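For reference, the structure is listed below as C-alpha cells.
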Amino acid sequence: MSEKIFRFLAEQRPDLPCLVVDLDVVAGKYRALAALLPGVGIYYAVKANPAPEVLSVLAGLGAGFDAASVTEIRSALDAGGRPERISYGSTIKKRSEIAAAYALGVRLFAFDSQAELEKIAEAAPGSRVCCRIRVSESGADWPLTRKFGCDFDMACDLMRRAGGLGVDPYGMMFHVGSQQTKPEQWDAAIEKSKQFFDRLRADGITLKMLNLGGGLPAHYRTEVPPIERYTQEMQESLARHFPEGLPELLIEPGRYIVAEAGIIQSEVVLIAKKSAKDEVRWVYLDVGKFSGLAETMDEAIEYVIRTPHDGGPAGPVILAGPTCDGVDVLYEKAGYKLPLDLAIGDRVEIFAAGAYTTTYSTVGFNGLPPLKDYYI
Ligand SMILES: Cc1ncc(COP(=O)(O)O)c(C=O)c1O
C-alpha cells in the first residue's frame with residue numbers, strides 16, 4: 001500500500017481521524033481500466049469521492065463523469081470536465097435540477113419511470129435519454145438495484161414513447177450492484193441489454209449506447225477476482241451478444257477508481273470488556289458509522305484494518321465508533337481479531353477507504369467534525 005500516504009501521515013501527523021488519498025493511485029486505476037477497455041468511455045461516478053483534486057486528475061486524463069446532482073455536475077465542470085461527457089445518471093431528479101443541468105450543457109439523462117421521462121422531456125427538450133433496466137444484483141456486497149431500474153417491458157414501452165415526447169431514445173444502462181464480486185453478472189446484464197436493443201430495433205428504434213454501469217470492486221478483507229477478469233468477461237460477452245457491431249459503450253466506475261487510493265488513520269479511544277468473564281474486547285475507534293464508515297452497515301463492506309502490533313497474538317473484538325448511538329458498531333459478526341497488545345492511543349489504519357466515506361460523514365453528529373481528508 002501507498003508509501004506516499006504513510007510518509008505524509010508520519011511527517012504531518014494530522015489530527016485524527018482523517019482520510020489520505022494518493023492521487024497517483026487514482027490516476028493509475030483510471031489508466032489501467034482505460035487500457036483494459038479501449039473504446040469504452042469511462043465516466044467516473046462522482047458520488048464515490050467528489051473531491052476537486054480527484055475530479056481534476058480524472059478530467060485531465062480524459063474521463064467523463066456520472067453525476068447524481070447539479071452540485072456534482074458543477075464540480076465536474078469546475079474540474080475541467082466537459083458537459084458533453086457528463087451523464088446525469090440519477091433516476092430521481094427534480095424538474096428544476098434537470099433544467100439546471102440542461103442550462104449547464106448536459107444532454108444525457110437517465111430515467112427509469114414514465115414520470116421522470118416526462119420531466120426530462122419538459123425541462124431538457126431534445127436531450128438524449130438512457131433507460132435504466134433492472135438486472136440481478138446477486139453477488140454485490142453493496143446492492144442497489146431494487147430501488148432503481150424498471151423491468152424490461154416497461155423500459156421498452158418508455159423508450160417507444162421518448163421520441164414522441166421530444167427526446168432522443170439514445171441508450172440504456174444497468175447497474176449490477178456495487179462491490180460486485182461476480183464478474184459473470186455483466187454477462188447476464190449484457191445479454192438482457194442485447195434483447196432490449198433487438199426488441200426496440202423491431203419497433204424501428206436504433207439504440208446507440210450501452211452503459212455498463214458501476215459495480216467494479218475494490219480489495220477489502222475478502223478476496224475478489226482481479227479487474228482483468230471483469231473486463232475480459234465484459235468484452236467476451238459484448239462480442240458474443242453484439243456480433244454485428246458494438247454500440248457506443250460507457251462504464252461508470254466509482255469505487256474501483258478511488259477506494260484503494262485512500263487510507264483512513266484512526267486512533268483507538270477505548271478498549272473495554274463488559275464483564276470480567278468476557279473474552280471479546282470492545283475496541284472503540286475515533287471513526288465510525290457517522291464519520292465515514294457508513295458502508296459497515298449490516299457489516300456489508302469489511303475494511304482491512306492494520307495496527308502497530310500486527311503479527312503478535314490476537315483475540316476477538318467488537319469494533320465500534322465513538323458516538324453515543326447504539327448503531328455505531330462497525331463489526332460484531334464478521335469475526336475481526338486484533339492484537340492483544342493493542343492499546344488506547346494506538347493509531348490504526350483502515351485500508352481502501354477512499355470511496356463512499358467522506359461524503360457519508362455527518363456534519364457534526366455528537367459534536368464530532370466531518371471526516372477530514374487530504375489529497376496528495
Ligand atoms: C448510476 C450509478 N452509476 C455508477 C455508480 C458507481 O458504482 P460503483 O461505485 O459500484 O462503481 C453508482 C453507485 O451508486 C450509480 O448509482
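The values are calculated or read from the model by the stated rules, or taken from the named source; none is laboratory data. Only a predicted model underlies this, so the values are computations on that prediction, with no experimental measurement involved. Neighbour counts are summed over all protein chains in view; Cβ atoms, including those assigned to glycine, are modelled from backbone coordinates with ideal geometry. Just so you know, the surface numbers come from the protein's heavy atoms only, side chains and all, with ligands and any DNA or RNA stripped out. Shrake-Rupley method; radii C 1.70, N 1.55, O 1.52, S 1.80 Å.
List pairs: first residue in region 95-109 and in contact (Cβ under 8 Å) with a residue 60 or more places away in the chain and under 13 Å from Thr71 (Cβ atoms), second residue open to solvent by 60 Å² or more (accessible area, probe 1.4 Å) and in a strand (DSSP E or B) anywhere in the structure, Cβ distance under 8 angstrom, at least six positions apart or on different chains.
none
For Lys94, which of the numbered conditions (1) within 16 Å of the ligand (Cβ to nearest atom); (2) at pLDDT 95 or above fails to hold?
Exception for Lys94: condition (1).
Does Asp187 satisfy the criteria of being of a type in the set (Asp, Glu), in contact with a Ser or Thr (Cβ under 7 Å, 6 or more places away or on another chain) and open to solvent by 10 Å² or more (accessible area, probe 1.4 Å)?
Taking the combined requirement at face value, the residue satisfies it.
How do the strands (runs of 3 or more DSSP E) wholly within region 255-362 filter down when requiring 3 or more residues that are open to solvent by less than 40 Å² (accessible area, probe 1.4 Å) and more than 16 Å from the ligand (Cβ to nearest atom): which remain?
In region 255-362, 262-272, 281-285, 314-320, 329-331, 347-350 are the strands (runs of 3 or more DSSP E) which contain 3 or more residues that are open to solvent by less than 40 Å² (accessible area, probe 1.4 Å) and more than 16 Å from the ligand (Cβ to nearest atom).
Checking Asp298 against (1) free of Cβ contacts under 8 Å to residues at least 24 places away in the same chain; (2) closer than 19 Å to Phe365 by Cβ, which single condition isn't satisfied?
Every listed condition holds for Asp298 apart from (2).
I need every pair where a residue in region 203-223 that is aromatic (Phe, Trp, Tyr) has its Cβ under 7 Å from the Cβ of a residue that is more than 10 Å from the ligand (Cβ to nearest atom), sequence separation at least 6 or different chains.
So the pair list comes out as Tyr220/Ile301; Tyr220/Glu302; Tyr220/Tyr303; Tyr220/Val304; Tyr220/Ala352.
Does Glu116 qualify as being assigned by TED's automatic domain parsing to the domain that holds Ser193 and either polar (S, T, N, Q) or open to solvent by 20 Å² or more (accessible area, probe 1.4 Å) (or both)?
The answer is no for Glu116.
Among Gly262, Gly254, Gly245, Gly214, which is at pLDDT 95 or above, more than 20 Å from Ser2 (Cα to Cα) and either assigned by TED's automatic domain parsing to the domain that holds Thr357 or in contact with a Leu (Cβ under 9 Å, 6 or more places away or on another chain) (or both)?
Going through Gly262, Gly254, Gly245, Gly214 in turn, just one is at pLDDT 95 or above, more than 20 Å from Ser2 (Cα to Cα) and either assigned by TED's automatic domain parsing to the domain that holds Thr357 or in contact with a Leu (Cβ under 9 Å, 6 or more places away or on another chain) (or both): Gly214.
So how many residues does region 119-131 have that are within 13 Å of the ligand (Cβ to nearest atom) and surrounded by fewer than 24 Cβ atoms within 10 Å (Cβ to Cβ)?
Total meeting the criteria: 0.
Take the residues in region 22-68 that are open to solvent by 40 Å² or more (accessible area, probe 1.4 Å) and charged (D, E, K, R); name whichever of them is farthest from the ligand (Cβ to nearest atom).
It comes out as Asp24.
Within region 130-148, can you find the residues that are touching a residue at least 40 places away in the same chain (Cβ under 8 Å) and closer than 16 Å to Ile190 by Cβ?
Cys130, Cys131, Arg132, Ile133, Arg134, Val135, Ser136, Glu137, Ser138, Gly139
Please enumerate the residues belonging to region 150-179 that are within 24 Å of the chain's Cα centre (by Cα) and free of Cβ contacts under 8 Å to residues at least 40 places away in the same chain.
Listed by number, the residues that qualify are Cys150, Asp151.
If I ask for residues that are assigned to a helix (DSSP H, G or I) and either of a type in the set (Gly, Ala, Ser) or over 19 Å from the mean Cα position of the chain (by Cα) (or both), which ones from region 200-228 would you list?
Within region 200-228, Leu200, Arg201, Ala202 meet the criteria.
Which residues, taken from region 228-254, are within 13 Å of the ligand (Cβ to nearest atom) and surrounded by fewer than 20 Cβ atoms within 10 Å (Cβ to Cβ)?
If the condition is that a residue be within 13 Å of the ligand (Cβ to nearest atom) and surrounded by fewer than 20 Cβ atoms within 10 Å (Cβ to Cβ), then no residue fits.
Would you check if there is a residue in region 100-107 being crowded, with 24+ Cβ neighbours inside 10 Å and either within 16 Å of the ligand (Cβ to nearest atom) or modelled with pLDDT of 95 or more (or both)?
yes
Of the residues Lys192, Lys182, which is within 16 Å of the ligand (Cβ to nearest atom) and either open to solvent by 50 Å² or more (accessible area, probe 1.4 Å) or not in a loop (DSSP other than H, G, I, E, B) (or both)?
Lys182
Would region 233-249 turn up any residue that is without any contact (Cβ under 8 Å) to a residue 24 or more places away in the chain, part of a loop (DSSP other than H, G, I, E, B) and on the phi > 0 side of the Ramachandran plot?
yes
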